[in-house]
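S.K.: Quick one: this structure, given as structure tokens, is what I'll be asking you about.
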Amino acid sequence: MLYEIKESILLSFEALRTNKLRAFLASLGVVIGISIVIMMGWLLGGLDKAMQDTFSIIGTDMLYIDKWDWTGNDNWRSVRNRKNITQKQAEQLRKLHGSAEYVIPNINQWGTNIEYDGEVYQGMTAVGTTAENAFTPVGNLLLGRYFNEFEEEFGSNVIVIGHLVYATIFKGENPLGKTIKLNGRPLRVIGVVKKRGTMFFDFIDRQMFIPLKKYSAIWDVDKKSMSIGIKAGVDNNLDEVRTETIGLMRIIRNLKPNEPNDFSINETKAFEKSIETLRLNVYMIGIVMTSLAFIVGIIGIMNIMFVTVTERTKEIGIRKSLGAKKRSIWLQFLIESSFLCLMGAILSLVMCSAIAYFAATYLPDYFPEVSFLLPVLPTELFIISTVVSIFVGLLAGLIPAIRAARLNPVEALRFD
Amino acid sequence: MSKPIIDIKNISKIYQMGSQLVHALRDITVTINENEYVALMGPSGSGKSTLMNILGCLDTPSSGTYFFNNTNVRELNDNELAEIRNREIGFVFQTFNLLPRATALKNIELPLVYSGIKKYERIEKAEEALRSVGLEDRMEHKPNELSGGQRQRVAIARALVTSPSIILADEPTGNLDSKTGNDIMRLFQTLWESGNTIILVTHEEEIALHAKRIIRLRDGLIESDEINNNQVKF
Ligand SMILES: Nc1ncnc2c1ncn2[C@@H]1O[C@H](COP(=O)(O)OP(=O)(O)O)[C@@H](O)[C@H]1O
Ligand SMILES: [Mg+2]
């Protein structure tokens, strides 16, 4: 039995070698099908990684109370009509909250200009916040340190800059101790945040953090809505913190029991949902395309196997006259069709590996949105392609193999 | 009394050709014992090959009974028939019927593969069979690298390798010149003398005369079945 399998594989290889073009054309559908499966897996792998990165930006133990819903799922009209979250409300929440580890008010000034060394840089975001922000994912620094409680208390002239700000302005030069100007106010750079941005959050590296007091000295705090970061803490229960937060916010915002929340709670969970939708779409498209390709592929392989069986009718007759059982005959053809598909899968894997490598290496230079692409195919794709191709081969080879096994030996021997 | 290997009674084979029925065999009854050397003689179309295919369990008769080594062949399923062909019967064909892509040795190994014999034993037996037909120096040659006579020797070695109860040869010299044909007939004689049972299908009187017993067929009927008193021996 084992020897028969080994012989059949050798025979299949031989047949493939003598008929390369025919074998290639026959397995084209399977090659396309497997390639789609691989590319789909590759894209999803990249999306997963992008999602993980996004989660680490947001923090899986963080809630962000905001006027705006970050995922855009809430009705935009009703969101726009919400009252701003004021600094006073943020302070109240900070004082009253019992279950959260940190409650951190944030206020954003988009499109801020920076002056440094006589040049003006546009499109950065100034964030006024507290020293406790250092304990959120933003506190992961590349250089220097975060500002402390004293600097926060005094509204010191210090600034922690995002990675893109650092890269744009300082171009690799040591930024620590250098002075940059925001709205004409000189601020000393004391820290640089590690690069964090992904396809979903590329703006995040443009952020610059200053003490909230300093912010209110530069801009009018009351014109903007605050965003409140809440860190549940490792051991704390996120659900409990969320419940308390909603309760407190409703009191602080003076909501009547029948009124809906006039604020959004943003957290990683919400992003999971929108990524899930994206995944689902990729899956659906992939499944439809794969099914089509595999139907074409199976027909192609089946066709070529019928031709092969006909070509080898005499051989089948000889084998039967020597005592081959039906099992031996169909095994031989099933192995041959699986082998053909497996070769197709290997071809697909080689092609897709090359595509993945070049796409991930060179495309993001032109299209930053696709920086989530992985340069190497996820390992499980190799296993999946192998298994799927063998399965397809078995499926496509089934009917031709049965036909071969059923051939009448006398007639088969007479065949020329 | 010697042991009957083949025992057929009232065998008929009818083919349907369009609306016409072809009686290839009519009411054939024959017994063939161990170590007999039988020639099935008859003109083309007399039913020799049809009978041989039935005797070789490649085909089934339309009616009649067939006992092979005291087993009723009608009661066997496909797998059991394959096993009989594998272990008990060695075929030799006019057109050799070797696998073109396999070497002589591999061709001879094939029946042993189907009987599930281990590799080293297969090679040993195949080499021995090749030696017995005098081709030990052609083991790695493929059929197209061998002459007609050599190909037929490989085919005979393949028929012998499982030590079958009987060797069925359908016009084994039909595609060979007379000198090479003679060599093959000499080989059959040696095999017979060393205890093998041989049924030789031929339409040539000269060839049939090498056998010990001659059964003459005509239009699917047995015309005569006699001991050959003029057996030609080498
Ligand atoms: N598969 C078949 N279908 C129809 N007729 C057949 C078939 N095989 C053989 N015959 C007929 O049966 C008769 C005997 O054929 P065969 O046994 O091959 O004769 P031989 O081998 O003696 O030349 C012939 O008339 C032949 O035409
Ligand atoms: Mg014939």
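The values are calculated or read from the model by the stated rules, or taken from the named source; none is laboratory data. Remember, it's a predicted structure, so these values are computed and weren't measured experimentally. Cβ placement follows ideal geometry from the backbone for every residue including glycine, while neighbour counts extend to all protein chains displayed. We work out accessible area using only protein heavy atoms, side chains counted, and drop any ligands, DNA or RNA first. Shrake-Rupley method; radii C 1.70, N 1.55, O 1.52, S 1.80 Å.
S.K.: Quick one: in the stretch B:109-119, of everything that is among the aliphatic types (A, V, I, L, M) and more than 18 Å from the chain's Cα centre (by Cα), which residue is surrounded by the most Cβ atoms within 10 Å (Cβ to Cβ)?
M.R.: Here the residue is B:VAL113.
S.K.: When only residues in the stretch A:329-338 that are of a type in the set (A, V, I, L, M, F, W, C) and touching a helix residue (DSSP H, G or I) at 6+ places or on another chain (Cβ under 6 Å) count, which is nearest to the other protein chains (Cβ to nearest Cβ)?
M.R.: A:ILE329
S.K.: Does the stretch A:23-58 hold any residues that are out of contact with any Gly (no Cβ under 8 Å at 6 or more places or on another chain) and open to solvent by 70 Å² or more (accessible area, probe 1.4 Å), and which are they?
M.R.: If the condition is that a residue be out of contact with any Gly (no Cβ under 8 Å at 6 or more places or on another chain) and open to solvent by 70 Å² or more (accessible area, probe 1.4 Å), then A:PHE24, A:LYS49, A:GLN52, A:SER56 are the ones that fit.
S.K.: Out of A:ILE285, A:ILE299, A:ILE295, A:ILE304, report the one residue that is within 30 Å of A:TRP76 (Cβ to Cβ) and either surrounded by 16 or more Cβ atoms within 10 Å (Cβ to Cβ) or in the same structural domain as A:PHE24 (by TED's automatic domain parsing) (or both).
M.R.: Exactly one residue qualifies, and that residue is A:ILE285.
S.K.: Something else now. For the stretch B:63-108: of the residues being out of contact with any strand residue (DSSP E or B) (no Cβ under 9 Å at 6 or more places or on another chain), open to solvent by less than 40 Å² (accessible area, probe 1.4 Å) and in contact (Cβ under 8 Å) with a residue 40 or more places away in the chain, which is nearest to the other protein chains (Cβ to nearest Cβ)?
M.R.: B:ASN86
S.K.: Now for a different question. Mind listing whichever residues of the stretch A:239-297 are more than 19 Å from A:TRP68 (Cβ to Cβ) and touching a strand residue (DSSP E or B) at 6+ places or on another chain (Cβ under 8 Å)?
M.R.: Within the stretch A:239-297, just A:VAL241 meets the criteria.
S.K.: Is it true that B:ARG26 is in contact with a Leu (Cβ under 6 Å, 6 or more places away or on another chain), more than 16 Å from ligand 2 (Cβ to nearest atom) and open to solvent by 60 Å² or more (accessible area, probe 1.4 Å)?
M.R.: Judged against the criteria, B:ARG26 is a match.
S.K.: Still on this structure: Name every residue in the stretch A:285-328 that is within 14 Å of chain B (Cβ to nearest Cβ), among the small types (Gly, Ala, Ser) and either in contact (Cβ under 8 Å) with a residue 40 or more places away in the chain or touching a Cys at 6+ places or on another chain (Cβ under 9 Å) (or both), in order of residue number.
M.R.: Of everything in the stretch A:285-328, those that are within 14 Å of chain B (Cβ to nearest Cβ), among the small types (Gly, Ala, Ser) and either in contact (Cβ under 8 Å) with a residue 40 or more places away in the chain or touching a Cys at 6+ places or on another chain (Cβ under 9 Å) (or both) turn out to be A:GLY317, A:SER321, A:SER328.
S.K.: How do the pairs read when you match residues in the stretch A:1-19 that are more than 9 Å from chain B (Cβ to nearest Cβ) with residues anywhere that are open to solvent by 40 Å² or more (accessible area, probe 1.4 Å) and not β-branched (Val, Ile, Thr), using Cβ under 7 Å and keeping only pairs 6 or more apart or on different chains?
M.R.: A:LEU16/A:MET343
S.K.: Given A:LEU374, A:LEU347, which one is surrounded by fewer than 22 Cβ atoms within 10 Å (Cβ to Cβ), in contact (Cβ under 8 Å) with a residue 60 or more places away in the chain and more than 25 Å from the chain's Cα centre (by Cα)?
M.R.: Only one candidate passes the filter, namely A:LEU347.
S.K.: If you don't mind, there's one more thing I want to ask. If the Cβ limit is 8 Å and pairs must be 6+ apart or interchain, which residue in the stretch B:44-60 that is open to solvent by 20 Å² or more (accessible area, probe 1.4 Å) pairs with which residue that is near ligand 1 (Cβ under 8 Å from one of its atoms) and acidic (Asp, Glu)?
M.R.: Listed by first residue and then by second, the contacts come to B:SER49/B:ASP170.
S.K.: Go through the stretch B:1-58 and tell me which strands (runs of 3 or more DSSP E), entirely inside it, have 3 or more residues that are near ligand 1 (Cβ under 10 Å from one of its atoms).
M.R.: Result: B:4-17, B:20-33.
S.K.: Return a yes/no flag: does the stretch A:240-251 have any residue that is part of a strand (DSSP E or B) and surrounded by 14 or more Cβ atoms within 10 Å (Cβ to Cβ).
M.R.: No, the stretch A:240-251 contains no residue that is part of a strand (DSSP E or B) and surrounded by 14 or more Cβ atoms within 10 Å (Cβ to Cβ).
S.K.: Whether any residue in the stretch B:8-17 is within 17 Å of the chain's Cα centre (by Cα), closer than 15 Å to B:ILE215 by Cβ and either away from ligand 2 (no atom under 16 Å from the Cβ) or surrounded by fewer than 20 Cβ atoms within 10 Å (Cβ to Cβ) (or both) is what I want to check.
M.R.: Yes: the stretch B:8-17 contains one or more residues that are within 17 Å of the chain's Cα centre (by Cα), closer than 15 Å to B:ILE215 by Cβ and either away from ligand 2 (no atom under 16 Å from the Cβ) or surrounded by fewer than 20 Cβ atoms within 10 Å (Cβ to Cβ) (or both).
S.K.: Of all residues being in contact with a strand residue (DSSP E or B) (Cβ under 8 Å, 6 or more places away or on another chain) and open to solvent by less than 10 Å² (accessible area, probe 1.4 Å) in the stretch B:132-160, which is farthest from B:HIS210 (Cα to Cα)? Just the residue, please.
M.R.: It comes out as B:ARG158.
S.K.: Just to be sure I understand, how many residues within the stretch A:34-61 are of a type in the set (Gly, Ala, Ser) and over 15 Å from the mean Cα position of the chain (by Cα)?
M.R.: Qualifying residue count for the region: 2.
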